[in-house]
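One structure is given here, and the rest of the page talks about it.
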Amino acid sequence: LFINASEASGRKIPETLFGIFFEEINHAGAGGLWAELVSNRGFEAGGPNTPSNIDPWSVLGDESLLIVSTDWSSCFDRNKIALRMEVLCDVGGANACPVGGVGIYNPGFWGMNIEQGKTYKVVLFVRSLGSVNISVSLTGSKGLQTLASANIIATDVLNWTKMEVLLEAKTGDPNSRLQLMTSRKGVIWFDQISVMPLDTYKGHGFRNDLFSMLQDLRPGFIRFPGGCFVEGDWLRNAFRWKETIGPWEERPGHFGDVWKYWTDDGLGHFEFLQLAEDLGAAPVWVFNNGVSHNDEVDTSSVLPFVQEILDGLEFAKGDAQSKWGSVRAAMGHPEPFDLRYVAIGNEDCGKKNYRGNYLKFYAAIKHAYPDIKIISNCDGSSQPLDHPADFYDYHIYSSAKTVFSMAHKFDHSSRTGPKAFVSEYAVTGDDAGKGSLLAALAEAGFLIGLERNSDVVEMASYAPLFVNTNDRRWNPDAIVFDSSQLYGTPSYWMQHFFRESNGAILVNSTLEANPSNSLIASAITWKNPEDNKNYLRVKVVNFGSDTVILKISIDGLEHNSLQLLGSTKTVLTSSNLMDENSFKEPKKVAPVKTLMDDVGKDMEVVLSPRSFTSFDLFRK
Ligand code: AHR
């Protein structure tokens, strides 16, 4: 491998090359990154044809003691369903309620993770014709052990009343539930019941452990909120940003009909922009362009959709005095968000009205926000687009062999015109298992190819990012979690090798001998902000099953010489190609860093079979 480490002959890699794609799929947000513990907090959840459904709420007590139903009596205009609970038993007397009372419970998203010593904010809206005395508690999964509890007593709740209580957990349980119990006869209506841990990232509502997995990737951008989630199987179920802003209790929520689950939209347009800001990643907003999987708006009728998106841009970018900017300011963010990229639709290029609709959006956005970069769904990698765009979207899901070979996909793409945004890539099918070493190695090869082509590829993100193991809608995924545990798949760890590439200098590197095309390599120079030192990083994937002794010759070091002290080698491999990580063995396949034992202008390195190695050579 010949490397010319002279930065003068190298090229800067875009700051945005490696980022992440967050889609509301697999309960990535609802029951995942968004820390709300109550599932279906407004009793609104339902399928496309079911107006409401109280699942997973359940009743505690039999029908002779209480009757639970839903009605349309909520004080919130956009989510009218409330829960009506008629308690037939009473304190004492012949029809006494059982000890502890009767009521309802919510198990959250397959169990609430209640942690000892942590505080949880419970909010609920209540109405009753008489006084109420409700015990609010966080309990173990069977309701037998109380982790934290408080009583809500109120005499005048004739009108809907917001109640709040802070609960500090005496003990913890990853499989807890919320119980609302009473022993008083009468009718109580409940609506919009929330349990939020106080301890979320900066208090912004993001589950800390999942957030830090994202932060560790140092993403240059975050694409959101989908994917197919943006399109919907039907337009009526697509993601509509205006329905996801403002006070959480007023949001209607919606049924994501592609991934088949309800979301209360606590993680909405504002929170996605906040997430991007908190990660230091450029937001990339994908919006619906009037096209879903099964229905489309005619271009002649698309203007209201265009206006909705212009309003969404004003919400993000407008000053605090503007109509929609003032809504953002009222939500606690007077400064505009730094939104510079939008994608018109997702995987819609072949749809009848896509081009027509696209042009309407394109013209209106460029007119109002000339600085915004626009991403088309049509592939411009092998032929020019027939419409204006700053980027074209490219998705690849395939076998390991194909993804590895796709490292050369952009070698011959036009060097002028729109750049590529590889917004979804992954090895899928048998090669992937639930996240295998094989998949990660093939993807690493692909990313090295993108890095080498980063004059025409500006952004790339793996998909999907998250999966809650209790609702695996898509396989594989980068980060696997349940209520309290998580691990990164090998594909997640593979992405760590590219964190330092954003904004680094790609220097020339050539593999002289690569007989079976099983090797691929690249080299960058970068400065570590942590120690302020300069490094030459050489990344090599050995996709073959033999050990390789690789000779590396480095030229063009100018005044910098390589130092053994401080130079490291990081390897991602495992004894079996199909090895995966798990809750039990979260780092079975993860990068292992060691000090180098030989460093020089000319050196020989050993590449294990089926491995990805990064040599970080410290430059004095
Ligand atoms: O990443 C999963 C899905 O794959 C996305 O929603 C969609 O864009 C693609 O088909």
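Details
- Shape call, region 254-331: gyration tensor on alpha carbons, a/c limit 1.5: oblate
- Extension gain for residue 153-residue 77 works out to 24.7 nm (0.36 nm per residue, less the C-alpha to C-alpha distance).
- For residue 216 and residue 583, the FRET efficiency from 1/(1 + (r/R0)^6), where r spans their Cβ atoms and R0 equals 22 Å, is about 0.75.
- This model, with +1 at the C-beta of Lys and Arg and -1 at the C-beta of Asp and Glu, gives region 75-130 a dipole about its Cα centre of some 260 debye.
- Set 352/401; 142/584; 434/569 screened for pairs whose C-alpha atoms are more than 29 Å apart: 352/401
- Highest mean packing first, where packing is the average number of other Cβ atoms within 10 Å per residue, the peptides 430-440, 501-511 line up as 430-440, 501-511.
- For residue 394, nonlocal amide neighbours, meaning residues 5 or more places apart or on other chains whose placed amide H falls under 5 Å from its own, are 421, 422, 423, 424.
- Across region 334-340, rounded Karplus estimates of 3J(HN,Hα) from the backbone phi angles (6.51 cos²θ - 1.76 cosθ + 1.60, θ = phi - 60°) give x, 6, x, 7, 8, 8, 10 Hz, Gly and Pro being marked x.
- For region 541-614 versus region 382-414, the gap between their alpha-carbon centres in whole angstrom: 28 Å
- Virtual spin-label span in nm between residue 602 and residue 564, 7 Å along Cα→Cβ: 1.8 nm
- Residues with amide H under 5 Å from that of residue 199, placed H, sequence gap 5 or more: 119
- 3J(HN,Hα) couplings calculated from phi for region 175-188 with the Karplus curve 6.51 cos²θ - 1.76 cosθ + 1.60 (θ = phi - 60°) are, in sequence order, 10, 8, 8, 9, 10, 10, 10, 8, 10, 9, 5, x, 10, 10 Hz; Gly and Pro show x.
- Beta bridges by DSSP in region 425-551, antiparallel share as percent, to the nearest 5: 80 percent
- In straight-distance terms, cross-link reach from residue 317 covers every one of the lysines whose alpha-carbon lies under 27 Å from its own, apart from those fewer than eight places away in the same chain; here that gives 202, 242, 360, 366, 373, 419.
- Three-way shape label, region 509-620, alpha-carbon gyration tensor, a/c 1.5: oblate
- Based on Cα contacts under 8 Å between residues 6+ apart, region 487-546 shows a relative contact order of 27 percent.
- Contact order for the chain, expressed relative to its length and based on alpha carbon pairs under 8 Å spaced 6+ residues apart, stands at 16 percent.
- As a rough guide to protection, the peptides 457-469, 134-146 ranked by mean Cβ packing within 10 Å, highest first, stand as 457-469, 134-146.
- A cut-off under 9 angstrom between Cβ atoms defines the neighbours of residue 229, and their net charge, with Lys, Arg +1 and Asp, Glu -1, is -3.
- Take each peptide in 406-414, 79-87, count the other Cβ atoms within 10 Å of every residue, and average; sorted highest first, the result is 79-87, 406-414.
- Taking region 233-378 and dividing mean pair separation by its residue count, relative contact order in percent (alpha carbons under 8 Å, at least six apart): 23 percent
- Amide H contacts under 5 Å for residue 466, placed H, 5+ residues apart: 23, 478, 479
No lab work stands behind these numbers, since they all come straight from the coordinates. From a predicted model like this one, the values you see are computed outputs, not experimental measurements. Backbone-built Cβ (ideal geometry, glycine too); neighbour counts: all protein chains shown.
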